[in-house]
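Shown next, in C-alpha cells, is the structure this report addresses.
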Amino acid sequence: MKTLPVLTHPTPSLRERSVEVDPKSIGTPEFQAFLEALTETMFVEDGIGIASPQVGRNIRVFIVNHGGIGTAYINPLITKTSDATVIGEEGCLSVPGVWGMVERAKKVTVEALDRHARKVKLECKGLEAVIFQHELDHLDGILFIDKVKEFTKGKDKLKV
Ligand SMILES: [Zn+2]
C-alpha cells in the first residue's frame, strides 16, 4: 500500500494553520485514498498518530492509532478540556530522535467527522487524550517541542 514521505522540523509548512476540509469532498475516491495512505504511513513509521500537515497536505485531518486500528478525524475540535493536567513524555515523527516532557489536559472531549463524513463525539483520557491534543496542535502549526518543559532525549539533535 502507498505511503507518504513524512516532513521533518524545521520544514516551514509544518508551522502553518491547516484549512478545514469541505465535507462534500470526504467521499471522493481521491480523499479516501489519501486517508488510507496517511493511515498506512502512520503504521509503517510506527506512530500512534499522524496529522495531514506532516505529509505536506495542510488540511484539518489526523489519524489516531487506537490499539492497532487507524481512525481518521476530520475537522476535529476539542470542545471540552479538563482543568486537571498530566505530564508525559512525547515524541513526534516530524521531530525524529527528540523526546521531552509535555503538560496536557488529562481529559478532552473531541468532536469531528469520520471517514464517512458522519459526526462523532468522544471523551478521552490518558494516552488517547494526549494523542488528540498533540495531533490537533499539528493542525495549528504547533509542535510538541514548543511546549516541552524538559527534553529527555535528543535535545542536541534539535534543529532550529
Ligand atoms: Zn507529532
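Each value in this text was obtained by applying a stated rule to the coordinates, not by laboratory testing. Just so we're clear, the structure is a prediction, and the values are computed from it rather than from any experiment. Methodologically, a virtual Cβ is constructed for each residue, glycine included, from the backbone with ideal geometry; neighbour enumeration extends over all protein chains shown.
A few comments on the model shown:
- By definition, a body whose alpha carbon gyration tensor gives a ≥ b ≥ c is rounded when a/c is under 1.5, and segment 6-80 falls into this rounded group.
- Expressed in Å, the radius of gyration and Dmax of the Cα atoms of segment 61-156 are 13.5, 44.
- Span from the segment 34-97 Cα centroid across to the segment 101-156 one, whole angstrom: 8
- Estimated Rh, the chain: Kirkwood, alpha-carbon pairs, angstrom: 15.8
- Difference of contour (0.36 nm per residue) and Cα-Cα distance, Glu36 to Lys2: 11.4 nm
- Its Cα centre serving as origin, the chain has a Cβ charge dipole (Lys and Arg +1, Asp and Glu -1) of approximately 180 debye.
- Here the dipole of segment 10-50 is about 200 debye; that uses its Cα centre as origin and unit charges on the Cβ of Lys and Arg (positive) and Asp and Glu (negative).
- Cβ-based charge dipole, segment 1-130, positive-most Cα from Ala117, Gly91, Thr41: Ala117
- Here Thr109 and Val86 are evaluated by their C-beta separation; at R0 = 25 Å the FRET efficiency comes out at 0.95.
- Relative contact order (percent, whole number), segment 1-157, Cα cutoff 8 Å, 6+ residue spacing: 25
- Sparsely packed trypsin sites (Lys or Arg not before Pro) within segment 109-141, loop by DSSP, other Cβ within 10 Å at most 12: Arg118
- Note on Lys155 and Asp46: their simple-model spin labels are 2.5 nm apart, each label 7 Å out from Cα toward Cβ.
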